[in-house]
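Inspection log for the structure reproduced underneath, given as structure tokens.
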Amino acid sequence: MRPAAARAVAAGAAVVTVAAGLAVRAGADGAFAKYAGSALYTVLLGALVAFCAPRARPAAVASTALGLSWAVEFAQLTGVPAQWSAHSTAARLVLGTTFNAPDLLGYGVGAACVWALLRAGRRHR
């Protein structure tokens, strides 16, 4: 797939992922909503990585998205994201506030979905 077409697909995937996250947040609660949100966070990062690097291999995109997700989660141990989140809704949505170890697994599920979707897309070509 040409880079321009791959970027268009990635941008569309990002929009769909945000819509899915909002739908989960509005229509569900409890553990499902929490961990679905974690997985979708990584899927969104995967779409953004794919947008920025349209020729990257699926494993590289998925592992980069997972690494970024984990970095944000571990940064919450410092308290800095919580401080920023107190002053900004955007920071709260992007960085969160408190460390939650089970989120790391949710991010892994999201990265696996990114990898699987990108692999399927490549096979389809």
Of all the accessible heavy-atom surface of the chain, with the other protein chains kept in place and a 1.4 Å probe, what percent is carbon and sulfur? 70 percent
With +1 on each Lys and Arg Cβ and -1 on each Asp and Glu Cβ, how big is the dipole of the chain about its Cα centre, in debye rounded to the nearest 20? 700 debye
Looking at the chain as a GNM with Cα springs under 10 Å, which of Ala13, Ala71, Ala31 has the largest mean-square fluctuation? Ala31
Which of Ser63, Ser85, Ser38 moves most in a GNM of the chain, Cα contacts under 10 Å? Ser85
Filtered trypsin sites (Lys or Arg not before Pro), the stretch 24-64: DSSP coil and at most 16 other beta carbons within 10 Å: Arg55
Additional length obtainable on full extension of the chain from Phe99 to Thr78, 0.36 nm per residue less Cα span: 6.6 nm
Work out, step by step, the length gained on full extension between Ala33 and Ser88: first 0.36 nm times the residue separation, then minus their alpha carbon distance; give nm to one decimal. 17.6 nm
Please find the FRET efficiency linking Val18 to Cys52, where r is the Cβ-Cβ separation and R0 is fixed at 22 Å, and quote it to the nearest 0.05. 0.85
Specify whether the C-alpha gyration tensor of the stretch 16-95 places it in the rounded, prolate or oblate class, a ≥ b ≥ c being the square roots of the eigenvalues: rounded for a/c under 1.5, otherwise prolate if a/b is larger than b/c and oblate if not. oblate
Looks like the stretch 1-40, by Cα gyration tensor root eigenvalues a ≥ b ≥ c and the a/c under 1.5 rounded cutoff (else prolate when a/b is bigger than b/c, oblate otherwise), is prolate
Who wins for biggest fluctuation among Ala62, Ala101, Ala36 in a Gaussian network model of the chain, springs between alpha carbons below 10 Å? Ala101
Can you tell me the accessible area per residue over the stretch 48-125, all protein chains present, probe 1.4 angstrom, in square angstrom? 62 Å²
R0 of 30 Å, Cβ-Cβ distance Met1-Ala112: FRET efficiency to nearest 0.05: 0.90
In degrees rounded to 10, the 0-90 angle between helix 3-27 Cα long axis and the longest Cα principal axis of the chain is 40 degrees
Between the stretch 55-122 and the stretch 4-35, what is the separation of their alpha carbon centroids in Å? 13 Å
Hey, what did the stretch 23-125 get for relative contact order, percent, Cα under 8 Å, at least 6 apart? 35 percent
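The values are calculated or read from the model by the stated rules, or taken from the named source; none is laboratory data. For clarity, every value in this text was computed on a predicted model and none was experimentally measured. Positions of Cβ are generated from backbone atoms using ideal geometry, with glycine treated the same way; all protein chains shown enter the neighbour counts. For accessibility, only protein heavy atoms count, side chains too; no ligands or nucleic acids. Shrake-Rupley method; radii C 1.70, N 1.55, O 1.52, S 1.80 Å.
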